[in-house]
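The values are calculated or read from the model by the stated rules, or taken from the named source; none is laboratory data. Bear in mind that the values here come from a model prediction, so they are computed numbers and not experimental data. All Cβ positions, even for glycine, are placed from backbone atoms using ideal geometry, and neighbour counts span all protein chains on display. Accessible surface is based on the protein model in full, side chains and every heavy atom, while ligands, DNA and RNA are left aside. Shrake-Rupley method; radii C 1.70, N 1.55, O 1.52, S 1.80 Å.
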Amino acid sequence: MTTLTVSKGPFEGQKPGTSGLRKKTRVFMEPGYLECFVQSTFNAIGGASGKTFVVGGDGRFFNADAIQTILKMAAAGGAARAIVGQGGILSTPAVSHLIRKNQTDGGLVLSASHNPGGIDADFGIKYNISNGGPAPETVTAKIFEQTQSVDRYDISDAPDIDLKAVGRTQMDGMIVDIVDPVADYAELMEGLFDFNGIKALFAGGFTMCFDAMHAVTGPYAKAILEDRLGAAEGSVINAVPSEDFGGGHPDPNPVWAKTLMRRMMSTDAPDFGAASDGDGDRNMIVGRGTYVTPSDSLAVLAANAHVAPAYAKGLAGLARSMPTSMAADRVADKLGIECFETPTGWKFFGNLLDAGRVTLCGEESAGTGSEHVREKDGLWAVLLWLNILAERKQSVAEIMRDHWAEFGRNYYSRHDYEAIPTAQADALMEGVQSQLATLAGTTWSGLTVLNADSFSYQDPVDGSVSDNQGLRIIFDGGGRAVLRLSGTGTEGATLRVYLEQYVDETGNHTLTAQAALDSVVTAVQDITSMQHHLGRVEPDVKT
Ligand code: VG1
Ligand code: CO
């Protein structure tokens, strides 16, 4: 077999965003597009020679083709070994675990996560480093630099390999191990949680509904929740991964996980509901009649993690992304541990986790995780909740009520304005930016601004600085608003407005989020001149 060198590239716009490179699937299918990005990745890490990579994806359209291409390129680059999920399937946290367990040099994840899939939808690729986590900005910057000059790629002319056959094979001299995507991950989970306690919970009649949203977690959830833990058959719904996620957005929030929400709000709702996203790193938690915001979920998990064997010794520290509500900070305060505020994106948690400074991390976008891997982990969060429910023997609603009574409640919502013209989004952000210095002391719909700034992060471990990570406006009386532009969209710009209002321990915890956030919402609309810039104030999605 021979290596072909193909002249191609460079392609414009191959800049990794919040989580890898995401584009329309048809863009990725353009001859040489994927190849040039993969070649740039290999170039950026000093070549593939002698290295071992984990490769897998969320099963969306083009997943298997992309994997064959990557394997042929890795083989041409002289890689020693590739570990590939059977059928090309691996959840993002499972990739992270396989990288760590096998001490590989890194991994490639094929996914556009919560973005829809299909030939007319989205595709993505992300490089993870040897700690199992998303490449940090120093590495993604090198990859981007390579994409701007790459003019050829190397690929083996070996035939496709059979991704279905578990076992060892080889491709043009490179060892290829096709592995069961679930086995190692399930074993990891079993070591973290009290599986006997959770089994007893289900045996006692506890009911749940897990919506895999036709995405990657179906096989994982079936194997762990139904087969190992004894949840009733049928507890996992939409369990077979499909190339277009059944035509939906595999985004676990009340808007896109409608079927589950309807079931959980009905009179015969199960005790517990959950969902995860395209690549299995996000989670949504919902109790009977009670939606738990991801920010609250992080706080509850932090306050109760010690009931799970893996966290019995307590937590070293917590970290949350800046737009995530400050509910976790209150828990950290009480526990007497540090709470770090990082930019959006899991790559910013890596150093803190590696240094042992934090044990749990979370984002408002339904991502929660711990030191067990270096990605957020949807099913992990569901299992920790189950462990807590098994131990506390209370309903989700009771746990939330008690939590707010102890820590106060951070009412929270995110408003997304999707696919707006980039110029409009930029003008709105620049408008706020230009007011930052003078906002403090001004009053908007009854709320006085205490402080406003553009968030800049200095990594406490390696000292690297990331500027312009979102605009923050803090109001007197516990209100907070954050504005930032999405780094995962594939069409125009997406403006995210994050809204928060704190009500202390003795305050009213039974308001709707909408009512509690009313003043903050109006203040933000006024400060940003939203109507003027966007021609509307109603968002596309409220979560
Ligand atoms: C979004 C979320 C962010 C998350 C990222 C990747 O990014 O806001 O919290 O880390 O998606 O998640 P952005 O830049 O669009 O706001 V996943 O599950 O889509 O890989
Ligand atoms: Co995801």
**OP:** Quickly run through the stretch 525-536 and pick out the residues that are free of Cβ contacts under 8 Å to residues at least 60 places away in the same chain and under 28 Å from the mean Cα position of the chain (by Cα).
**Re:** 525
Subject >> Residues located in the stretch 38-54, provided they are part of a helix (DSSP H, G or I) and either out of contact with any Ser or Thr (no Cβ under 6 Å at 6 or more places or on another chain) or open to solvent by 10 Å² or more (accessible area, probe 1.4 Å) (or both) >> reply: 38, 39, 41, 42, 43, 44
**OP:** Of the numbered conditions (1) within 23 Å of the chain's Cα centre (by Cα); (2) under 29 Å from residue 225 (Cβ atoms), residue 419 fails exactly one; give the number of that condition.
**Re:** (2)
Original post:
Which condition number does residue 511 fail, the rest of (1) open to solvent by 30 Å² or more (accessible area, probe 1.4 Å); (2) more than 15 Å from residue 324 (Cα to Cα); (3) within 16 Å of ligand 1 (Cβ to nearest atom) being met?
Top reply: (3)
Original post:
Only one residue in 505, 491 is on the phi < 0 side of the Ramachandran plot, within 16 Å of ligand 1 (Cβ to nearest atom) and touching a residue at least 40 places away in the same chain (Cβ under 8 Å). Which one?
Top reply: 491
**OP:** State whether one or more residues within the stretch 332-339 are buried (at least 21 other Cβ atoms within 10 Å of the Cβ) and touching a residue at least 40 places away in the same chain (Cβ under 8 Å).
**Re:** no
Original post:
Of the residues that make up the stretch 209-222, is at least one assigned to a strand (DSSP E or B), without any contact (Cβ under 8 Å) to a residue 24 or more places away in the chain and within 26 Å of residue 70 (Cα to Cα)?
Top reply: no
Subject >> Matching residues, the stretch 232-285, being touching a strand residue (DSSP E or B) at 6+ places or on another chain (Cβ under 6 Å) and over 28 Å from residue 121 (Cβ atoms) >> reply: 235, 270, 272
Original post:
When you go through (1) closer than 22 Å to residue 533 by Cβ; (2) open to solvent by 30 Å² or more (accessible area, probe 1.4 Å); (3) away from ligand 2 (no atom under 16 Å from the Cβ) one by one for residue 481, which number turns out not to apply?
Top reply: (2)
Subject >> Filter result (small (Gly, Ala, Ser), assigned to a loop (DSSP other than H, G, I, E, B) and within 16 Å of ligand 2 (Cβ to nearest atom)) within the stretch 77-110 >> reply: 91
**OP:** Please find, among 176, 95, the residue that is of a type in the set (Val, Ile, Thr) and under 17 Å from residue 3 (Cβ atoms).
**Re:** 176
**OP:** Consider residue 262 carefully, then state whether it is at pLDDT 95 or above and open to solvent by less than 50 Å² (accessible area, probe 1.4 Å).
**Re:** no
Original post:
Looking at 520, 497, which one is open to solvent by less than 30 Å² (accessible area, probe 1.4 Å), assigned to a strand (DSSP E or B) and modelled with pLDDT of 95 or more?
Top reply: 497
**OP:** Can you give me the number of residues within the stretch 438-484 that are within 13 Å of residue 344 (Cα to Cα), out of contact with any Ser or Thr (no Cβ under 8 Å at 6 or more places or on another chain) and part of a loop (DSSP other than H, G, I, E, B)?
**Re:** 1
**OP:** Return yes or no: is residue 347 modelled with pLDDT under 95 and either away from ligand 2 (no atom under 16 Å from the Cβ) or crowded, with 22+ Cβ neighbours inside 10 Å (or both)?
**Re:** yes
Subject >> Per-region count, the stretch 356-406, residues in a helix (DSSP H, G or I) and either open to solvent by 10 Å² or more (accessible area, probe 1.4 Å) or farther than 22 Å from residue 511 by Cβ (or both) >> reply: 23
